[in-house]
Amino acid sequence: MTRSERITIAFLWLIGTLVFVVLYAPAAIIILLSFFGMKGRKIDWSHASLEWYGKFTANAQLIDALSNSLIVGAFAVVIATVISLGLAYYMKTGARSGQAYVEFVIFLPFVLPAIITGISLLIAFREVGIERSLITVTAGHVVLILAVIYRMVMIRLNSLENSQIEASLDLGANGFETFLYVVLPQIRSALVTSSLLAFALSFDETLVTFFLVGGETTLPMRLWAMMRTGFTPEINALVSVVLCVTLVFAAAGAMSLRGSIERK
């Protein structure tokens, strides 16, 4: 290895390390601060404890907001998965003449600025007389994450040979049995990975939620409102818990995707 190559590799390692620090240092700082209290407006470094992890569970507003975010995310992922799976399977086995139009409708809300999507949905719900609530928030999240799940499922379906489906039908299986025993096992990893990613996007969504939320609020909206008065150590504890849970979901999705690739 020449001297110039060693310098280049060292420079790339330095850039990679700096990018890693910029991305993850804020999260590490939040986790660190969650173990220390405040004395006035300064951090009390004298002793560390788990006190704030216990206190945030007693904050009813935070727990309600967290519960709402989990409920909205779960329902949005389930609904979007059913719609995406149905559309993708139809495009795989049925008439494909309208695929371009269907995909345009699915992907447009995702690529548009979130403020445009949020205002459009707000106007649409107002015109049909639907009051803002967690239901409208869930509907907005479905519109956003539909593209993510549909794309990943469609890519996996396109990798399947049509002969597998045709062979199943020739052997006497009906359409539902073919889907259940032939198609679903081969796209399960794509469904799991896309659902985890979609849930993370829904859980973090703020701008569209801002236009569609009613009296009940989600965790990002609650944290946004608390920025006016400043964060407390219990917020750091809550964010740390959410971050750790998110890392678990991300690891599960990565393992699922890796297993799918290895089986190929």
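Any residue in the range 51-76 that's under 22 Å from Leu33 (Cα atoms): show its pairings with residues that are acidic (Asp, Glu) and open to solvent by less than 50 Å² (accessible area, probe 1.4 Å) at Cβ separation under 7 Å, as long as the two are six or more apart or on different chains.
Trp52/Glu234; Lys55/Glu234; Phe56/Glu234; Asn59/Glu234
Six or more apart or on different chains, Cβ atoms under 9 Å: show the pairs whose first residue is in the range 240-253 and farther than 17 Å from Leu66 by Cα and without any contact (Cβ under 8 Å) to a residue 60 or more places away in the chain and whose second is in a helix (DSSP H, G or I) and open to solvent by less than 70 Å² (accessible area, probe 1.4 Å).
Matching pairs, first to second residue: Ala250/Leu196; Ala250/Ala200.
May I ask you to say which residue of Phe56, Phe75 is farther than 11 Å from Leu238 by Cα and assigned to a helix (DSSP H, G or I)?
Phe75
Within the range 156-172, is there a residue that is closer than 26 Å to Val208 by Cβ and under 20 Å from the mean Cα position of the chain (by Cα)?
Within the range 156-172 (the criterion being closer than 26 Å to Val208 by Cβ and under 20 Å from the mean Cα position of the chain (by Cα)), the answer is no, since none of the residues qualifies.
Within the range 84-140, track down each residue that is β-branched (Val, Ile, Thr) and open to solvent by less than 40 Å² (accessible area, probe 1.4 Å).
Of everything in the range 84-140, those that are β-branched (Val, Ile, Thr) and open to solvent by less than 40 Å² (accessible area, probe 1.4 Å) turn out to be Val102, Ile106, Thr117, Thr136, Val137, Thr138.
Output the residue which, of all residues in the range 161-212 that are outside any helix (DSSP H, G or I), within 25 Å of Val148 (Cα to Cα) and free of Cβ contacts under 8 Å to residues at least 60 places away in the same chain, is most open to solvent (accessible area, probe 1.4 Å).
My answer is Glu161.
State the number of residues belonging to the range 30-45 that are out of contact with any strand residue (DSSP E or B) (no Cβ under 8 Å at 6 or more places or on another chain) and in a loop (DSSP other than H, G, I, E, B).
Residues meeting the conditions: 5.
Are any residues in the range 9-66 open to solvent by 80 Å² or more (accessible area, probe 1.4 Å), of a type in the set (Ser, Thr, Tyr) and within 18 Å of Leu219 (Cα to Cα), and if so, which ones?
Thr57
Give me the pairs: first residue in the range 21-33 and within 18 Å of His47 (Cα to Cα), second residue among the small types (Gly, Ala, Ser) and open to solvent by less than 60 Å² (accessible area, probe 1.4 Å), beta-carbon distance under 7 Å, and six or more apart or on different chains, which are they?
From the range 21-33, the pairs are Ile30/Ser240; Ile31/Ser240.
The values are calculated or read from the model by the stated rules, or taken from the named source; none is laboratory data. Computed from a prediction, not measured in an experiment: that's the story for all the values here. Methodologically, a virtual Cβ is constructed for each residue, glycine included, from the backbone with ideal geometry; neighbour enumeration extends over all protein chains shown. All accessible areas refer to the heavy atoms of the entire protein, side chains included, with ligands and DNA or RNA removed. Shrake-Rupley method; radii C 1.70, N 1.55, O 1.52, S 1.80 Å.
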